[in-house]
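Please treat every number below as a calculation from the coordinates, not as lab data. Everything quoted here is computed from the prediction, not taken from an experiment. Note that each Cβ is placed from the backbone with ideal geometry, even for glycine, and that neighbours are counted across all protein chains shown.
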Amino acid sequence: MTNTGNKATVYFDGSCALCRAEISHYRSCSGAEAIEFKDVSSPLATPGPGLSREQAMARFHMRSADGSLVSGAAAFIAIWRLLPSWRWAAWLASLPGALPLLEIAYRMFLPVRPLLAAVVRAWVALRARRPNSPS
């Protein structure tokens with residue numbers, strides 16, 4: 001699936017609790033109306049030209065409104081540029097040498113993502129079981 005209108009499209013793993021929490025945050029930000037968020041966790045998901053579902057599940061991707069595709073740290077920076085409350089992070093990431101460092105950090109994060117997602121899932125489940133008010 002390609003972009004709708006003039007929106008950027010973010011592809012995310014909706015089966016990952018950590019990913020869902022992050023996307024939920026981005027959706028709540030001012031400027032998020034310029035972004036279409038696509039959950040690619042369904043086996044029937046079709047991200048569009050140049051991006052398979054498997055690639056979209058393994059790594060964070062964003063397709064700009066002009067159709068260009070970026071992934072990893074560059075995709076986060078592209079999102080941050082669209083969200084006014086995150087533009088400071090995009091500016092920092094534009095400093096010389098920042099993008100390669102962020103990409104290295106992102107690649108180091110990818111192998112631990114399943115563990116962190118499990119921790120988030122357990123935390124959410126624990127909170128759901130706790131009573132809202134003391135007895």
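Table for the structure above
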| quantity | calculated |
| --- | --- |
| Tabulated pairs, the range 95-120, first without any contact (Cβ under 8 Å) to a residue 60 or more places away in the chain, second of a type in the set (Lys, Arg) and surrounded by 13 or more Cβ atoms within 10 Å (Cβ to Cβ), C-beta under 8 angstrom, 6+ apart or interchain | 110/59 |
| Scan of the range 46-68 for residues that are surrounded by 16 or more Cβ atoms within 10 Å (Cβ to Cβ) and under 23 Å from residue 111 (Cβ atoms), ordered by number | 47, 51, 53, 56, 57, 59, 60, 61, 62 |
| Single match in 90, 75 (criterion: assigned to a helix (DSSP H, G or I), at negative phi and free of Cβ contacts under 8 Å to residues at least 60 places away in the same chain) | 90 |
| The range 12-38, subset outside any helix (DSSP H, G or I) and of a type in the set (Ser, Thr, Tyr), residue farthest from residue 61 (Cα to Cα) | 30 |
| Residue under evaluation residue 13, criteria (1) surrounded by fewer than 16 Cβ atoms within 10 Å (Cβ to Cβ); (2) touching a Cys at 6+ places or on another chain (Cβ under 8 Å), criterion not met | (1) |
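Residue-by-condition table, conditions (1) over 29 Å from residue 121 (Cβ atoms); (2) of a type in the set (D, E, K, R); (3) in contact with a Lys or Arg (Cβ under 8 Å, 6 or more places away or on another chain):
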{"residue": "7", "(1), (2), (3)": "yes, yes, no"}
{"residue": "36", "(1), (2), (3)": "no, yes, yes"}
{"residue": "41", "(1), (2), (3)": "no, no, no"}
{"residue": "58", "(1), (2), (3)": "no, no, no"}
{"residue": "86", "(1), (2), (3)": "no, no, no"}
